[in-house]
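This report concerns only the one structure given below.
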Amino acid sequence: MSTITIDAPEARPLYPSTTAHHQTQFQSIFKTIIWSAGVILFCLAMFDFYAQTYAHETEIALQKAQAAKLDLNKDLRMSDITPFISGSPSISTLPADRYTHMCKEMKQYTWNGFFKTYTLSLYVGLGENPSIDFVHGPGDVVEERQRPRAPQIKKLKI
């Protein structure tokens, strides 16, 4: 007769199986990597969201301030805009483009997000404390072909 040995529960090793331990360790490492990547992506998205929010808040505040000054028959000046700027944008001064004949300079306020850059353009005159003629926000995209043209005069046939 042959003898078959049967391992009784008492004869099994005291430590759990090593294959099960590696599987759970792999799953926990995988979950940690996924959660870490998700948290990093969320933080980057929030950074971009705040840049966009600051740009839009500034645009709306400047447009409301400009409308309030116009109701009083006054101009919004560059010295008046400091309380309306949200966040900490970078500021650059450029010459006005060819479409704004009444303006001499363009001040650009730029908020850098991770995915996108948001720019607010202020068209101003020249001088020490110039008036703001136009506020072009980050959501207002006007391409050259969309710009309004002067009405064409049609000749009437008699």
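The values are calculated or read from the model by the stated rules, or taken from the named source; none is laboratory data. Here the structure is a predicted model, which is why all the values come from computation and not from measurement. Note: ideal-geometry Cβ built from the backbone for every residue, glycine included; neighbour counts use all protein chains shown. All accessible areas refer to the heavy atoms of the entire protein, side chains included, with ligands and DNA or RNA removed. Shrake-Rupley method; radii C 1.70, N 1.55, O 1.52, S 1.80 Å.
Pairs are defined by a Cβ separation below 6 Å, a sequence spacing of at least 6 or placement on different chains, a first member in the stretch 42-66 that is at pLDDT 90 or above, and a second member that is open to solvent by 70 Å² or more (accessible area, probe 1.4 Å) and part of a helix (DSSP H, G or I); no pair meets this definition.
Restricted to the stretch 67-89, and to residues there that are free of Cβ contacts under 8 Å to residues at least 24 places away in the same chain and assigned to a loop (DSSP other than H, G, I, E, B), the residue that is most open to solvent (accessible area, probe 1.4 Å) is 73. All conditions but one from (1) open to solvent by less than 100 Å² (accessible area, probe 1.4 Å); (2) out of contact with any Lys or Arg (no Cβ under 9 Å at 6 or more places or on another chain) apply to residue 92; the one that does not is (2). Would you confirm whether or not the stretch 20-31 contains a residue that is modelled with pLDDT of 90 or more and touching a Phe, Trp or Tyr at 6+ places or on another chain (Cβ under 9 Å)? No: zero hits.
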